[in-house]
Every structure is written in C-alpha cells, then in structure tokens.
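Report on the structure given below.
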Amino acid sequence: MDVDEIVRGLLNGNRRALARAITLVENDYPEGKDIMKRIFKKTGKAHVIGITGFPGVGKSTIVSKLTQEFRMRGKTVGIIAVDPGSPFSGGALLGDRLRMDGIDVNKRLWLDSGVFFRSMSSRGKAGGLSAKTGDVVRLMDAFGFNLVIVETVGAGQSEVDIIEVADTSIVVLMPETGDDIQINKAGILEIGDIYVVNKADLGGAEKTVKWLKSMLLLDDEAVRILEKMDHGSHNESVNDEILTDKLEKKAKDAIDRWIPPVIMTIADIGEGIKELADTIEKHREFMEKSGMLKKRRTVRVSRELLDLIMEDVKSRIINDTSLKFEEFVNRVVENEIDPHTAAEKIIEKLIFSKNSDTTL
Amino acid sequence: MKKIRVLVAKIGLDGHDRGAKVVARFLRDAGFEVIYTGLHRTPQEVAMAAIEEDVDVVGISLHSGAHMTLVPKVIKYIKEYGGNPDEMVIVVGGIIPEDDFEELMKMGVDGIFIPGTPIEEIIDFIKKKVAEKKKKTVA
Ligand SMILES: Nc1nc2c(ncn2[C@@H]2O[C@H](COP(=O)(O)OP(=O)(O)O)[C@@H](O)[C@H]2O)c(=O)[nH]1
Ligand SMILES: [Mg+2]
C-alpha cells in the first residue's frame, strides 16, 4: 500500500489502511509524517479517554465493558492499549487484547466493525506512553471513531503523561489494604477527571472511596481557603459592587470547576460500568461548555509544537555542517569560548543560513 | 527501527496455553513485539486481530487436532477482511502429524513447529522469513 492508498483507505473506513498507517507513524517512517499531514483536517472530533492505573487493577477489563456499553449507545470505539516494553530486549509482550470479550458474550468486540483495537509498546519511554501515541489517536480520530480510549500502565509519576492525549482522564484503583502510600506518592490526585475503585467485590472498597473523596474534597477546600485569603487582603468594607463580583465569580467557578467523581465498579461482571459511561459523557459536556476542552487542547498543542520545533532544530544543527556544531563543541572544550556564546552564535547562524528560508 | 510484530494465537477448544505463553515470552526476549490473544479464539477473531495489529507473523498454536480445518480458515478470513496473507509469515505450533505438513504448506503455512523444537530455531526462522517476505513485497 502506498501513501495515497493508505490515506484514501483510512478516510473511507478501510481497517487495513488504518492498521498500516499506525505502523508507519509508530515507527517514524517519513510516510507516517506525510499521512499525518494529509489526514489532520479530519481530526478533532473524537472524545479521547485515558485510562491509567497500576498493573492488574482491571483497566483492560473496564475498557472491554465500557466499549460494550458505548456500542449499545450507538458510539464507535477505537482502543489503544500501551504496555511497557522490556528494557533488556526491546521486545514486548502485549496482553491487553485478551481481556476484550470475544465470541462468548453477546457483544462480539473482536469482530465488531465499530471497534478497532491496537496494542502498542511504550518502547522504554519513561511515562508509559509511546512518543507516538498522540498521532495514533489522531489516526483513529480521522478514521471516524466517536471515542478513542487509551489504556496505559501507570507506575509512579508517569500517569501524568495521560493528560498529554486525553480529554477525560480516568484513574483506576483497587481497594487499599493497609496504608495509602501507593496513591499518595504517585501524584494520582492531580491527574484524574474521574476516579474508579474497581474490584469492589474484594471488600474495603468503601473505605478507599471515602478516603479518595476526602482527599479530593480537601483539595477543593484548600482552593477555597486560598481564595478567601485573596479577598481578605482587599479590606472588609462590604461594598455592593464587590459582593456582586464575588457572587458572579462563584457562579462562574461552579461552571469552570469539576470535582472529580469517585465510582465503584466490579468490572468483571459489569457493575458500575453504566454509571462510569454516564460520568464520562457528563465530563465531556462539562469540558465543552466550560471551554476547558479548548484550553486543554491549546496547552497540549503548544507543547507539541515546541517539541517538534526543538526536534527539528536539533537535527538541523547536527546535520548541517555549515553551522560548524562540532567545531564549536571543540572550542568550548578548549576553553576558547563559553557555551552560552557558542549557543547564541550557532542559533544566529541557523537563522541566517540559506537552508532555513527555503520554506514558507 | 521497526520491531517484528508477532501474533500468538490460540484457536479452538483446547485449553493448553502453557506452551504458547512460554514461546511468547521467549519471542519477547528476542526483541519481538508479541501480541497474545488468549484462549479459545475463532479463526475470524485471529484473522481480524492480525490485520488490526498489522503483524509480520501469525503464530497459531493448536492441540485439538483440528488444524486441517482451522488453519486454512484463518488464512481465508485474512483475505476476506482485506489483508494479504502472503505478506505475513504464518507458522503453526502444536501436535501436528508429519503427514499433514505438506498439505499445510500448500495452504500457505510457512513453518511448522512441533513440541520440543529449540526456541532458537523458531526465532531464526522468523527473522529469516520476515526479511525474505519484506524483500519480495518491496520489489
Ligand atoms: N475480583 C475482581 N477481579 C477483577 C475485577 N476486574 C478485573 N479483575 C481481574 O483482575 C485481573 C487483571 O485485570 P486487567 O483488566 O488485565 O488489569 P490491567 O492490568 O489493569 O489492565 C484479571 O484477572 C481480571 O479478571 C473485579 O472487579 N473484581
Ligand atoms: Mg491491561
């Protein structure tokens, strides 16, 4: 399949074209970049849902049941399951697919034309998400899936990465026995739009839910206290104008703010999945109405653009011999010039070099 | 560099997956990206997974004795779903009588590995075959 065929196929519902496009993008082939450029105008419609949490908490099981629920609601679903690769061999054992229900249940996800499942290795990238996940999400988006679900293993601070691709981030936990160190240290409270306590059948779930809620509310309370302090400094004169301002601000806050709900599930048997699906839809609605969706995407794209620019600049500096990068390195080593001046000189050369003004 | 992607599939009724899991782990350690399907898949499900995952290799493990009907079905459905089985390396593992080898190869199977085959042999075979097929499809 050549690029033309792939682009045409992908935009016309050809699954093999989508599969091949993902391969080309994932492996950083030049064709991949070409495809991304050509399908971009078709992206931006899908609701991107991230699901993260420690290994074994039930993420894949939840993805399977959630997909069935959304299919019943008439939505199509693309799924990307990212697993860590082996740091030793560079290989990976990708086993999320086996949790997807097959022929033994009423909904045959494996053969459902409204579902597409792709396993990816994070290839050793710290953060659990493969560097290319964002572009793979876009391919699925352009293909026309209403929802794109990204499952990633979280272990430590790496869950933060899910924010880079998801409009709605879901953190999955299990009932905690003993102390709550795991949850505390992982920075998990910062990243979830929705929290799920799965395996509620194991007992101890209520306690974990209560604990989570108190932590999340505490956060909220902390914000309110900070706000009060802010207003307090403007003196206490009860002025009508200030009061209306305050009330307006409060009303606006209520629209702007989302307090992450905590949902209990037994994913194995599908319990709590409907409520989770409802909450996901509610969050999407909130994101749109409050303008948060646009805000989040703006932050994401600015970071992405900067990354792309940096990547390009680096490769130009290393590959364009007229910029004399190596010579500058040597001169710094020999103490002839300091690194700050050297960097400034190289950038100057780059800006005025012939190669850089050929485009645009 | 692109990793070789391998689908390790269990089809049919038999519940023996220890062998398949061991092979899957060895393939990962050889640097392959291995997608494991779990037990009791249908030929259709395996074919669709091979396409969606865009694998270079489809490994089918069977111990049920139904290989002569199930393996050609996988190949047939890959075609039916728009894939090209000739681009993929198709290998079969499990208890396969030698009498069936020739016919399986005629159906489009590239390699057959009976229990006890050294894992290095499987790894080398896959690497060699994937490179061969790639050359052919590029040309
Ligand atoms: N007891 C119980 N087990 C569950 C539940 N949900 C999933 N599991 C099991 O937990 C194990 C890990 O599930 P999986 O979805 O693969 O977890 P992941 O690693 O987070 O994707 C599997 O054996 C599931 O069957 C649940 O609600 N209760
Ligand atoms: Mg999983």
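Quick one: how many residues across region B:91-124 are surrounded by fewer than 12 Cβ atoms within 10 Å (Cβ to Cβ) and either among the hydroxyl-bearing types (Ser, Thr, Tyr) or free of Cβ contacts under 8 Å to residues at least 40 places away in the same chain (or both)?
9
Step by step: first the residues of region A:42-66, then only those that are outside any helix (DSSP H, G or I) and away from ligand 2 (no atom under 16 Å from the Cβ), then the one that is most open to solvent (accessible area, probe 1.4 Å). Which residue is that?
The qualifying residue most open to solvent (accessible area, probe 1.4 Å) is A:Lys45.
Checking A:Arg99 against (1) within 10 Å of another protein chain (Cβ to nearest Cβ); (2) surrounded by 18 or more Cβ atoms within 10 Å (Cβ to Cβ); (3) more than 8 Å from ligand 1 (Cβ to nearest atom), which test does it fail?
Tallying (1) within 10 Å of another protein chain (Cβ to nearest Cβ); (2) surrounded by 18 or more Cβ atoms within 10 Å (Cβ to Cβ); (3) more than 8 Å from ligand 1 (Cβ to nearest atom), A:Arg99 fails exactly one: (3).
Output the number of the condition that B:Asp14 fails; it satisfies all remaining conditions of (1) among the acidic types (Asp, Glu); (2) farther than 24 Å from A:Phe88 by Cα; (3) crowded, with 21+ Cβ neighbours inside 10 Å.
Result: B:Asp14 fails condition (3) only.
Restricting to region A:188-211, give me the number of residues that are part of a helix (DSSP H, G or I) and in contact with a helix residue (DSSP H, G or I) (Cβ under 6 Å, 6 or more places away or on another chain).
Of the residues in that region, 2 qualify.
State yes or no: is A:Arg20 within 9 Å of another protein chain (Cβ to nearest Cβ), touching a helix residue (DSSP H, G or I) at 6+ places or on another chain (Cβ under 6 Å) and away from ligand 2 (no atom under 16 Å from the Cβ)?
So A:Arg20 fits the description; yes.
What's the number of the condition B:Lys129 fails, among (1) touching a residue at least 24 places away in the same chain (Cβ under 8 Å); (2) within 18 Å of B:Asp14 (Cβ to Cβ); (3) of a type outside the set (A, V, I, L, M, F, W, C)?
(2)
Name, by its number, the condition in (1) open to solvent by 30 Å² or more (accessible area, probe 1.4 Å); (2) among the acidic types (Asp, Glu); (3) not in a loop (DSSP other than H, G, I, E, B) that does not hold for A:Glu69.
With respect to (1) open to solvent by 30 Å² or more (accessible area, probe 1.4 Å); (2) among the acidic types (Asp, Glu); (3) not in a loop (DSSP other than H, G, I, E, B), A:Glu69 is out only on (1).
Just one of B:Glu45, B:Glu80, B:Glu53 is exposed (fewer than 15 other Cβ atoms within 10 Å of the Cβ) and not polar (S, T, N, Q); which is it?
Only one candidate qualifies: B:Glu80.
Return only the number of the condition from (1) open to solvent by 10 Å² or more (accessible area, probe 1.4 Å); (2) out of contact with any strand residue (DSSP E or B) (no Cβ under 8 Å at 6 or more places or on another chain); (3) modelled with pLDDT of 95 or more that A:Arg15 does not satisfy.
Of everything listed in (1) open to solvent by 10 Å² or more (accessible area, probe 1.4 Å); (2) out of contact with any strand residue (DSSP E or B) (no Cβ under 8 Å at 6 or more places or on another chain); (3) modelled with pLDDT of 95 or more, A:Arg15 misses just condition (2).
Please find, among A:Val77, A:Val63, the residue that is within 14 Å of another protein chain (Cβ to nearest Cβ) and modelled with pLDDT of 95 or more.
Of the residues listed, the single one that is within 14 Å of another protein chain (Cβ to nearest Cβ) and modelled with pLDDT of 95 or more is A:Val77.
Being within 16 Å of ligand 1 (Cβ to nearest atom), closer than 22 Å to A:Lys294 by Cα and buried (at least 20 other Cβ atoms within 10 Å of the Cβ), is that true of even one residue in region A:74-87?
Taking every residue of region A:74-87 in turn, none turns out to be within 16 Å of ligand 1 (Cβ to nearest atom), closer than 22 Å to A:Lys294 by Cα and buried (at least 20 other Cβ atoms within 10 Å of the Cβ).
Residues that are more than 23 Å from A:Thr168 (Cα to Cα), at pLDDT below 90 and not small (Gly, Ala, Ser): find the helices (runs of 4 or more DSSP H) completely inside region A:283-360 holding 3 or more of those.
Here the list reads A:292-319, A:339-352.
List every residue pair whose Cβ atoms lie under 8 Å apart, where the two residues are 6 or more positions apart in sequence or sit on different chains, the first residue falls within region A:51-66 and is more than 17 Å from A:Ile80 (Cβ to Cβ), and the second residue, located anywhere, is of a type outside the set (Val, Ile, Thr) and within 7 Å of ligand 1 (Cβ to nearest atom).
Pairs that qualify, where the first residue is more than 17 Å from A:Ile80 (Cβ to Cβ) and the partner is of a type outside the set (Val, Ile, Thr) and within 7 Å of ligand 1 (Cβ to nearest atom), are A:Val57/A:Asn198; A:Val57/A:Lys199; A:Gly58/A:Asn198; A:Gly58/A:Lys199; A:Gly58/A:Ala267; A:Gly58/A:Asp268; A:Lys65/A:Ala267.
Which ranges mark the strands (runs of 3 or more DSSP E) fully within region B:1-67 that have 3 or more residues being more than 7 Å from chain A (Cβ to nearest Cβ)?
The strands (runs of 3 or more DSSP E) meeting that bar are B:5-10, B:57-62.
The values are calculated or read from the model by the stated rules, or taken from the named source; none is laboratory data. Predicted, not measured: the structure shown is a model, and the values here were computed from it. With ideal geometry, Cβ positions are generated from the backbone for all residues, glycine too; neighbour counts draw on all protein chains shown. To get the accessible areas, we keep the full protein, side chains included, count just its heavy atoms, and leave off ligands, DNA and RNA. Shrake-Rupley method; radii C 1.70, N 1.55, O 1.52, S 1.80 Å.
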